[in-house]
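Heads up: the structure comes next, in structure tokens.
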Amino acid sequence: MPDITKKRIAIFGSTGSIGKQALEVIAANENLFEAEILTAHSNASLLVEQARQFNPNIVVIGDESQYAKVKADLSGTDVKVFAGEDALEEVAAMDNYDMMLAAIVGFAGLKPTLKAIENGKPIALANKETLVVAGDIVMQKAVQYRVPIIPVDSEHSAIFQCLVGETRNKIEKVILTASGGPFLGKKPNYLVNVKRDHALQHPNWSMGAKISVDSATLMNKGLEMIEARWLFNLKPDQLQVVIHPQSIIHSLVQFEDGSLKAQMGLPDMKLPIQYALGFPQRLPNNFPRYDFRKPNALTFEEPDLKTFRNLGLAIAALFKGGNLPCVMNAANEMGVYAFLRNRLGFLDMTDLIERTMEKVPFIEKPTLEDYFNSDAEAREFAASLLSL
Ligand code: NAD
Ligand code: MG
């Protein structure tokens, strides 16, 4: 019999950076949470290790060729094993969990998350691309199925925390903070030569490869502006980005009286993960605390849009709307993975995205199918540019 006092968490993307940290949070709060479903794309050995430790009801391995290995390694346990892309949606549609942690990276996270919403399951949302691609439809469905979407992204968790108790009060502006990434202050003549290993060295956060590159190009902040727009029902001109290299203030909300609220803390993704899983309760922990008595200059500056042109492209997509953010996201995913394979230069990612955004026909009010088609079209065009 399941323990009904515990919240049963389905971690989609359990082998990633967010997924692993979520399992640490669950392990530290085993009286409150249990891992019910774990999914991985291709890291079968880590998935098996996690399943042995957390004894979930179900695991899904995306890569079907590894099904037999996972099944054999988990023989003798009660864990059910599924495989393949469709299994992610089938499992998201099941009843036996209480909350989905959407921690798959990229467009691949969209379909299972939509299924969970249609299934009435609350979402702890790490996968920002879901809202970048189809934020209007995802948020409409969340309202329709009365599903709360609790952000895990640290900036959005900060904004969410600032808004608790403010339901009747209008937001004037939301200020998203950005660390600036590993190349803060650098110019194009430097960036032209940077390689994957350098881009993966983030000064404040340890994250998956894709988001690390997005942080280095500032595309991550552009994706986050679009994510914030949908999560908090904002107009594009209510969003501002400020570079704050210390990553202590995680974002700010300015209200109609000019008052600013900020959420602060040391940079550690376990905190927003724990907040989303436990909401509305704040759970005690022994994470290190920020100490105001130590030398602690907190600094702020404007982003350099001339150098980090991806952010400018994302702002253009935010204002234009329609299928443009979806197209931009697809080209960005293609560009980032090509860069990670040393097949595309750092600055060339921007050209790939810009050309794809110009090429794929604009659709002002896309359907879900339009979004899938625009994503496919953008990937096909970007691939044709990459093979030149
Ligand atoms: P990651 O690359 O470390 O992990 C991604 C996970 O998704 C893995 O479990 C992998 O198996 C799974 N996955 C990858 N491709 C898949 C596919 N095609 N189908 C099914 N599963 C697939 O990524 P991450 O850094 O943990 O980021 C996950 C999401 O959270 C991203 O959208 C990212 O933008 C967001 N996010 C991450 C952080 C962070 O600190 N890592 C912070 C804020 C937001
Ligand atoms: Mg973030």
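The values are calculated or read from the model by the stated rules, or taken from the named source; none is laboratory data. Just so you know, these numbers come straight off a predicted model, no measurement behind them. Because the Cβ atoms are built from the backbone with ideal geometry, glycine has one as well, and the counts that use them run over all protein chains shown.
Overview of values
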{"quantity": "Residue match in the stretch 5-20 (condition: free of Cβ contacts under 8 Å to residues at least 24 places away in the same chain, aliphatic (A, V, I, L, M) and either more than 16 Å from ligand 2 (Cβ to nearest atom) or within 20 Å of A102 (Cβ to Cβ) (or both))", "calculated": "no"}
{"quantity": "Pairs where the first residue, in the stretch 103-127, is assigned by TED's automatic domain parsing to the domain that holds E224 and the second is modelled with pLDDT under 95 and in a loop (DSSP other than H, G, I, E, B), C-beta under 6 Å, 6+ apart", "calculated": "none"}
{"quantity": "Verdict on T113 being part of a helix (DSSP H, G or I), within 16 Å of ligand 2 (Cβ to nearest atom), among the β-branched types (V, I, T) and buried (at least 21 other Cβ atoms within 10 Å of the Cβ)", "calculated": "no"}
{"quantity": "Candidate set from the stretch 143-168 (those that are closer than 20 Å to I18 by Cβ and part of a helix (DSSP H, G or I)); member that is nearest to ligand 1 (Cβ to nearest atom)", "calculated": "S154"}
{"quantity": "The stretch 52-108 - residue that is in contact with a His (Cβ under 9 Å, 6 or more places away or on another chain) and of a type outside the set (A, V, I, L, M, F, W, C) and, of those, nearest to ligand 1 (Cβ to nearest atom)", "calculated": "G62"}
{"quantity": "Residue among I273, I211, I226 that alone is under 30 Å from N31 (Cβ atoms), surrounded by 16 or more Cβ atoms within 10 Å (Cβ to Cβ) and within 16 Å of ligand 1 (Cβ to nearest atom)", "calculated": "I273"}
{"quantity": "Qualifying positions in the stretch 49-80 - over 24 Å from the mean Cα position of the chain (by Cα) and hydrophobic (A, V, I, L, M, F, W, C)", "calculated": "A68, V70, A72, L74, V79"}
{"quantity": "Of all residues in the stretch 36-68 being in contact (Cβ under 8 Å) with a residue 60 or more places away in the chain and assigned to a strand (DSSP E or B), the one that is nearest to ligand 2 (Cβ to nearest atom)", "calculated": "T39"}
{"quantity": "The stretch 120-163: number of residues that are closer than 18 Å to I175 by Cβ, within 16 Å of ligand 2 (Cβ to nearest atom) and not aromatic (F, W, Y)", "calculated": "11"}
{"quantity": "Residue satisfying condition, being among the hydroxyl-bearing types (S, T, Y), surrounded by 19 or more Cβ atoms within 10 Å (Cβ to Cβ) and over 19 Å from the mean Cα position of the chain (by Cα), within set T350, T367, T299", "calculated": "T350"}
